[in-house]
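The values are calculated or read from the model by the stated rules, or taken from the named source; none is laboratory data. None of the values given here were measured: they were computed from a predicted structure. A quick note on method: Cβ atoms are made from the backbone with ideal geometry, for glycine too, and the neighbour counts reach across all protein chains shown.
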């Protein structure tokens, strides 16, 4: 049985290209017209994805992530100009770290600043190794907010660049105001564009302030969104969350590639599309001591014996409340996941945790609530078991008991 078929079996065992939208032509030569071929004069940075990666096939394993940051530069952002520049640089440092951690997936960057008077790329499809830090002079907030034009134009440009590659786009939209100045792209056309690219494994996130962030994001078809306050503290927290989430995303991509999970095209696209849910990662992810209720995307993770008797503790509770199946020792069962801990060796327990870790990365849309697996009837200590879950925790969608936290957490996770 191949690895993908095997992990599929750990699941519940109980039984075009985009058509160009109609566009409204601008009445005169303003920002909408300037968007067509505008890159900052200081940087001649556009590179073809096919050229940089030397690939001509649309299918296959992802070789590169193209990070596109669409950054609001309208006048209302002036009060947080310094924090925006420093936060962007922290994000670039995070991408640099990802490139060093995993040389198999190259990192490229585009930063597009938009307002209604001077929209432009600071960088376009540049290898992260060639991207400099932003300066105060790069970012000069002014004028209005043509959000739809900025998203439609830049995402379409990146889509064209990636058409002949298996690589993926990761799009971050940052704004503090409502759309009020677009002239070419409509809301409906942007929604259609985003939806089609999510099916191709692209990731879209929305970060906003002073607007209905949830409503605006969901209205665009973006399920991962983050609110921020336009204060020094608020901006600092926002950039820290984005950096932490970016690191978790990169770790998932590394695991998928190293474990050969991108070789099946259909499953690759499904897993990457699912990463659009629950992208933003909380700082410390601690599961309740007593898990009595789960959200629809929640999964209770409990320790089992190798016969799957589930006759006590969290295992019995999982049978009574979350769909665990007596006789099934491992895998997803309703809203629960069993890890065999009793009746097996410690090495076999480690192998089961590795399979769970693969399951976590293949199901980024789920939130896994971990009990003190192996620390009851199985007789292991927290010091023995907790470190086994370190990588799973790093993906951002695993919550651990408070006693496990010192063994899995660090400032970068």
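Tabulated results
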{"item": "Number of positions in segment 336-364 that are part of a helix (DSSP H, G or I) and under 23 Å from the mean Cα position of the chain (by Cα)", "result": "10"}
{"item": "Answer from 258, 268, 251 - the residue that is within 24 Å of residue 103 (Cα to Cα) and modelled with pLDDT under 90", "result": "258"}
{"item": "Condition met for residue 283 (in a loop (DSSP other than H, G, I, E, B) and surrounded by fewer than 21 Cβ atoms within 10 Å (Cβ to Cβ))", "result": "yes"}
{"item": "Residue 109 vs. criteria touching a helix residue (DSSP H, G or I) at 6+ places or on another chain (Cβ under 8 Å), in a helix (DSSP H, G or I), modelled with pLDDT of 95 or more and crowded, with 22+ Cβ neighbours inside 10 Å", "result": "no"}
{"item": "Filter result (within 12 Å of residue 395 (Cβ to Cβ) and in contact with a helix residue (DSSP H, G or I) (Cβ under 7 Å, 6 or more places away or on another chain)) within segment 235-253", "result": "247, 248, 250, 251, 252"}
{"item": "Residue match in segment 151-165 (condition: touching a helix residue (DSSP H, G or I) at 6+ places or on another chain (Cβ under 7 Å) and at pLDDT below 95)", "result": "yes"}
{"item": "Per-region count, segment 309-320, residues surrounded by fewer than 16 Cβ atoms within 10 Å (Cβ to Cβ) and over 19 Å from residue 343 (Cα atoms)", "result": "1"}
{"item": "Number of the exception - residue 278 against (1) outside any loop (DSSP other than H, G, I, E, B); (2) within 26 Å of residue 208 (Cα to Cα)", "result": "(1)"}
{"item": "Top-ranked residue in segment 379-392 [being surrounded by fewer than 22 Cβ atoms within 10 Å (Cβ to Cβ) and touching a helix residue (DSSP H, G or I) at 6+ places or on another chain (Cβ under 8 Å); ranked as nearest to residue 303 (Cα to Cα)]", "result": "380"}
{"item": "Selected residue (only one of 327, 323 is touching a strand residue (DSSP E or B) at 6+ places or on another chain (Cβ under 6 Å), surrounded by fewer than 19 Cβ atoms within 10 Å (Cβ to Cβ) and part of a loop (DSSP other than H, G, I, E, B))", "result": "323"}
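Every residue, every condition in (1) modelled with pLDDT of 95 or more; (2) within 22 Å of residue 166 (Cα to Cα); (3) assigned to a loop (DSSP other than H, G, I, E, B); (4) touching a helix residue (DSSP H, G or I) at 6+ places or on another chain (Cβ under 9 Å), yes or no:
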| site | (1), (2), (3), (4) |
| --- | --- |
| 47 | no, yes, yes, yes |
| 56 | no, yes, yes, yes |
| 99 | no, yes, no, yes |
| 133 | yes, no, yes, yes |
